[in-house]
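These notes are about the structure you will find just below.
Coordinate-derived values only; no laboratory data. These numbers come from a predicted model, not from an experiment. Here Cβ is always computed from backbone atoms with ideal geometry, including for glycine, and neighbour counts include all displayed protein chains.
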Amino acid sequence: MPGDKSEHLTQAQKEQLEAELAELEGPRRAEAVEAIANARSFGDLSENFEYHAAKNEQGLLERRITMLRDRLDRAVIVDESAARSGTIGVGANVEIEDEQGERMQVQISSVGGVSPESPVGRALLGRKVGDEVVVEAPRGTWRARILSVG
């Protein structure tokens, strides 16, 4: 379901999504069409498992394409200079230490990392090394100290 909120991405993250979209719209879409055509040749479509499986795969592929297009349409490229100044923003790699002394490495990213909209992402955005943050997660509140930002 397409959203109305902007999606903050670094230039590299945007390029990663664009590359995935190009792969899905090009070779992967062609493979799906070929798989459907091949399955049709097996005969009766009402009991043709291969045909129904290929159509299902095509539907999933088209859904992913729609989602990627939506994300790219809403993309706002973030200024990565904030990360160089030590302030946590989208694209930053952060090391934190929780109350029990457990360390965790996270990347603030909508593309394969900790989402800026997540409890951890919200707690870290705009902070600097040495800051103590309170993470209000669904399973309870916890504290962490920011050890490094890269």
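The list [x] 15.5; [y] 18.0; [z] 17.5 gives values of Kirkwood radius over Cα pairs in Å, and only one came from this structure; which label was calculated from it?
It is the one labelled [y].
Only sites in a loop by DSSP and with at most 15 other Cβ atoms within 10 Å count here; which chymotrypsin sites (Phe, Trp or Tyr not before Pro) in segment 13-100 make the cut?
Working: sites: PHE42, PHE49, TYR51; in loops: PHE42.
Here the chymotrypsin sites (Phe, Trp or Tyr not before Pro) that fit, given the DSSP loop and packing criteria, are PHE42.
Which of the lysines could be linked to LYS5 by a straight reach, that is with a Cα gap under 24 Å, when you skip same-chain ones fewer than 8 residues away?
Answer for LYS5, where 24 Å is the Cα cut-off: LYS14, listed by chain and number.
Quote the Stokes-Einstein diffusion coefficient, in whole µm² s⁻¹, for segment 81-149, based on the Kirkwood radius over alpha carbon pairs, a temperature of 10 °C and a viscosity of 1.306 mPa s. If you can, show how the numbers build up before the last one.
On the way: Rh = 11.8 Å.
Rounded, D is 135 µm²/s.
Extension gain GLU57-THR87, at 0.36 nm per residue separation less the Cα-Cα distance, in nm?
Details: separation 30, 0.36 × 30 = 10.80 nm, distance 4.23 nm.
Value of the extension gain: 6.6 nm.
At 222 nm, what value in deg cm²/dmol follows for the chain if DSSP H runs of at least 4 each add -39500 (n - 2.57) and the sum is divided by all its residues, to the nearest 500?
Details: 5 runs with 60 residues, N = 150.
When only DSSP H runs of four or more count, the value is -12500 deg cm²/dmol.
With only Lys, Arg, Asp and Glu charged, each at its Cβ (+1 for the first two, -1 for the last two), find how big the charge dipole of the chain is about the Cα centre; round to the nearest 20 debye. It would help to have the intermediate numbers written out before the result.
Numbers: 19 positive and 27 negative charges, 77 e Å.
Roughly 380 debye, rounded to the nearest 20.
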